[in-house]
Every structure is written in C-alpha cells, then in structure tokens.
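One structure is given here, and the rest of the page talks about it.
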Amino acid sequence: MAAKYVFTPTPIEQLKDQYDLVIVGSGATGLVAALQAHELGVKPVIFEKMDRLGGNSTRASSGMNAAETDVQLKHHIVDSYEDFYEDTYKGGGGLNNTDMLHYFTSHGALAIDWLAEHGIHLDDLTITGGMKIKRTHRPASMAPIGNFLVTELLKLIEKAEIPVFDDVHVDELEKNTDVISGVKVTLPDKSQKTIDAGAVILATGGFGASKDIIKKYRPDLVDYNTTNQPGATGDGIKLAEAAGAGLVDMDQIQVHPTVQQDTDHAFLIGEATRGEGAILVNGEGKRFVNELDTRKNVTNAINQLPEKSAYLILDTGIRAHVKAIEFYDHIGLVVHGNDIADLAKNINVDPENLAATVKTWNKAVSDQKDPEFGRATGMDRDIENGPFFAIHIAPAVHYTMGGVKINHDAQVLTDDGKVIPGLFAGGEVAGGLHGNNRIGGNSIAETVVFGRQAGQQSYKFLQNK
C-alpha cells in the first residue's frame, strides 16, 4: 500500500518581505491560482491561517461539473454548455450573475483538460441534484473529489517550489492610493509584518462556520449545525469589505439536505450517494420527495417531516459506486441489514412499509419512470443486492452563495461596479455565481475555473503595471 502523501508547509524563516502575488487561502481555488500564475512566470506565495491546508475543499465529495468534455463523450454522453447554463440558472432560481455563469459553464471543459494535463484525471461520471445529465466528473477510483484534488494539487505546488505558509493570518489589505499593494499578517509567534505584493487573490472560502455572520444575514439558520471546517469564518469577505469591496447575495445560504449529525461532528453524505441510486425514506419507511431535486427543495421536504430527518437507503451495488460510504461506515455512521426487514428493524421503521417502498422503487428503475415523485435521474441501479444499508440524515448549513462582488475576470468590485486594482477573488469567497441555490458539483468546478482565471488575470494585471 502506498504511503499517504504529506505536504510540508514552508518554514516561517523563509518568509520574504515581497512577492509578486499574495494568495490568501490554501483550498483548491488558491492552489489552482498559484499554479496558473507560477506557470505564467509570476512568483506567488500562499498564506493559510489554519494549521491544516486545503480548507473546505478537502470536504467536497461528489465531483466537478463540466459540459462538452472528452470524458463525457467516452461515456457516450453528448452535453452542451447551454444545457449546463440552463440547469445551473434554473437551479439558482434565476438569480445567478449571468456574465459569471456564462464564463463558468463555457470554461468547465477547459478546466477538466487543464487538470488532466497536470496528471489529475477525472475520468468517471455521476449526477447531482438539479442536473439533467451526467456531468459530475470524479476520479476513476470514485474517491471523494476534495481530498483527492487537494492532495494532487499540493504535489504540484511542492514540485513548483511555491511557498506555502500555514498558521499565518492575513489581517488587512494594504493600499497605495487606490491600488492594492500588499497585506498585513500575523505570524505564528503573534508578531505582525507587512508583505508587499503586486496583487492579491482572495481564496478564503465562505462563512458557513461563522455564527456571527449567519446571525447577521440569516438569523433563522443560526442554530443549524454546519458541514464546514472551523476556518470558514468569512475572513476574505471582511478583508475585501474593509478595502472598499461590495458584497452580493449575503442572505443566500445553502442548507444541505443529507448530513449525518448523530455524532459530535457533522458529516456531509455527498450527493453522489443519491446520484448512484439511493433513496430517502421518512420515519414510516416511505419515500417523500424526488431525491435529486435541488438541495433547497429536498431540504424543505425533510423539514416538513415530523421528525425533520430521514434515512438514505442503499444496497451493496450502490455502495460499490460511492467509495465515501467505506469511510462513513468505518466511523460508524452506516446501519446494516442482511435483508430489508432486518434493516427496517435496525432503523426502527415499519418493515412492510420499507419493503413496499423498495419494491415500488425497483419497479420505477426497471420502467425508468417514477410516477410517485417524477425522479428522472440517478436511476441506473435498483436496491436489490444485500446486504442493505441506511444512513440517518438531516439538513445542515453547507454553503454560502453570497460573498465578495466580482466580475467574470475575477476582479473584485466596489458596490457601484468599479474595479479595485490589484485585488482578485474566486471560489466560495465570491458571490453571485450560484443564485439562491448551488448545484452539487459546481463548487469544485468553480474553484478550478475561477482559480485559473484569478491566476491569469493577476498575471495580466502585473504585466500592465
């Protein structure tokens, strides 16, 4: 068995006073931006406030959406940018920034190719809620995308000798007249230092772990658990706002419907579980929703149940197509049953109801028609092959669609749409792309598409200074 790869951050003694480009955050957006800028001849540095690299990206599970890819054609799937755009626009309630969305949906395939050119291959496909076609790319091993992608990107960062400092907190963006000129940081020894830079990219993620910001914009969600890592506290939003940036869609916070919360830590059960064929049942053992409707609609359906929670039901065949289940099982989140009656007993639902539900679902898969709830995707396999499994889930805060105002060039804008020279942003820190609901698989796609764009546009800015 291959040894687990461990990335070693740069020793703080090697910190310089000046870099071409400062990147704040070590999730996928920051790593991609750093690599893209480096390949264009820029000398970047990455600052991460936590003692672990990767941010929320390490928790992503389903995959990366893109249309018109060679991978899709190899799977005999003919897709289009326009369909990808329409699914995302509809999924976001028509509130998406259309310029950003056009750029995003037309650059996903290029992003998949760029990753492949760097030895990061996403050759398998699945589907997520709100999509009509398989365009969620993932590794052939079907491993969760987040940890896989961050690990592979860090290998490339190491090879390129790009400095990455952890436990360094960016406190303030520095300006020379109106142009961003660097950052003020707090070092691991708590001393402060100003780092000069020709440009700054904010890649700090969202605010899903900030009770304060959630309370300000969505007090109704403040008591929800979160799937976010503890560092997702909106730092980049605060930095940008203090530098004059506008904010958009801050009240648009996504609650993910399927999160296991019976332990001290909330574990997101990725959409690929439903995309590969799992169903949801209520406390009576009955289906109650199209499991692959948008996250917003599935969440609402669960919240209307008396118990405000549900069970994912799957079999050995579905489990084989979602490698993350192995991890969930390893940490004790998966209930087993030798047959459906055994599983029903173990999750305390009526055995006859659950048996009838599964039988009806299997017929729907066979007929490729779901008369009960109109599900039309994620019907490649039925629930027939024992042993059988269940995971208890309930909604939790997952993603913040709002954030810093940017354009499709990843330039940070003021409230009235003026560019703040030298400041760029991408990923969850930026608002506008997703409207009022993010489609599963679009967040990792956003990190690569807009990480590349931020790297390219910061290079262009530096060339023109």
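The values are calculated or read from the model by the stated rules, or taken from the named source; none is laboratory data. Predicted, not measured: the structure shown is a model, and the values here were computed from it. Note that each Cβ is placed from the backbone with ideal geometry, even for glycine, and that neighbours are counted across all protein chains shown. The protein model used for the area step is the full one, side chains on, heavy atoms only, and it has no ligands, DNA or RNA in it. Shrake-Rupley method; radii C 1.70, N 1.55, O 1.52, S 1.80 Å.
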Label point distance in nm, Lys16-Leu40, each placed 7 Å from Cα along Cα→Cβ: 1.8
Taking every C-alpha to C-alpha distance in region 257-357 and binning by 5 Å from 0, the per-bin percentages run 2, 12, 23, 25, 25, 11, 1
I want to make sure I understand the PRE zone here: with the label point 7 angstrom from the Cα of Thr194 toward its beta carbon, which residues in region 221-247 have backbone N atoms less than 17 Å away? 243
Compute the projected area of the convex hull of the Cα atoms of region 183-275, averaged over all viewing directions, and report it in nm² to one decimal place. 9.0
Result for region 136-213: accessible area per residue, probe 1.4 angstrom, in square angstrom, of 41
Given a 1.4 Å probe and the protein chains all in place, what does the accessible area of Ile313 round to, in Å² to the nearest 10? 0
Through the Karplus equation 6.51 cos²θ - 1.76 cosθ + 1.60, θ set to phi - 60°, convert the phi angles of region 439-448 into ³J(HN,Hα) values in whole Hz; use x for Gly and Pro. 6, x, x, 8, 6, 5, 4, 4, 5, 7
Please report the net charge: other residues with Cβ closer than 13 Å to the Cβ of Leu40, K and R +1, D and E -1. +1
Using the alpha-carbon atoms, what tilt in degrees (0 to 90, nearest 10) does helix 98-117 show relative to the longest principal axis of the chain? 90
Estimated 222 nm signal from helices in the chain, with DSSP H stretches of n ≥ 4 weighted -39500 (n - 2.57), rounded to 500: -9500 deg cm²/dmol
Computed ³J(HN,Hα) along region 70-83: with the Karplus parameters 6.51/-1.76/1.60, θ = phi - 60°, integer Hz and x for glycine or proline, the list is 5, 4, 4, 4, 5, 9, 6, 10, 9, 10, 8, 4, 4, 5
Straight-line reach from Lys359: which lysines fall under 18 Å, measuring Cα to Cα and dropping same-chain residues less than 8 apart? Lys286, Lys345, Lys369
Expected output is a single nm value to one decimal: the length gained when fully extending between Thr8 and Asp342, i.e. 0.36 nm times separation in residues minus the C-alpha distance. What is it? 115.5 nm
Nitroxide proxy distance, nm - points 7 Å out along Cα→Cβ at Glu352 and Lys308: 3.2
In order over region 142-152: 3J(HN,Hα) from phi, Karplus 6.51/-1.76/1.60, θ = phi - 60°, whole Hz, x for each Gly or Pro, gives 6, 5, x, 5, x, 5, 4, 5, 4, 4, 5
Quick one: net charge around Asp70, please, counting Lys, Arg +1 and Asp, Glu -1 for every other residue with C-beta under 13 Å from its C-beta. -3
Sorted by packing (mean other beta-carbon atoms within 10 Å per residue), highest first, where do 191-201, 117-127, 250-260 land? 250-260, 191-201, 117-127
Taking every DSSP beta bridge with both residues inside the chain, roughly what % is antiparallel (nearest 5)? 70
Computed on alpha carbon atoms, what radius of gyration and Dmax characterise region 43-111, expressed in Å? 15.7, 44
Reachable aspartates and glutamates from Lys363, criterion Cα separation under 15 angstrom, eight or more residues apart if same chain: Glu372, Asp380, Asp382, Glu384
Could you give the length gained on full extension between Ala376 and Asp70, defined as 0.36 nm per residue of separation minus the Cα-Cα distance, in nm? 107.7 nm
Please grab the % of Cα pairs in region 327-383 that end up more than 19 Å from each other. 44
Express the carbon and sulfur contribution to the solvent-accessible surface of the chain as a percent, rounded to the nearest whole number, probe 1.4 angstrom. 48
Any residue on another chain or 5+ positions along whose placed amide H is under 5 Å from the amide H of Ser181 is listed here as Glu174, Lys175, Asn176
Probe 1.4 Å, heavy atoms of protein chains only: per residue, the accessible area of region 1-112 in Å² is 47
Give me the 1.4 Å probe accessible area per residue for region 269-357, excluding ligands and nucleic acids, in Å². 39
Could you give the nm distance between label points at Lys90 and Ala320, where each point is 7 Å from its Cα heading toward the beta carbon? 3.3
Specify whether the C-alpha gyration tensor of region 138-247 places it in the rounded, prolate or oblate class, a ≥ b ≥ c being the square roots of the eigenvalues: rounded for a/c under 1.5, otherwise prolate if a/b is larger than b/c and oblate if not. oblate
Inter-part gap, Cα centre of region 324-346 to Cα centre of region 407-436, in whole angstrom, is 44
Distance from region 1-48 to region 70-91 (C-alpha centre basis), Å: 32
Charge tally for neighbours of Gly403 with beta carbon under 15 Å away, counting Lys, Arg as +1 and Asp, Glu as -1, is -2
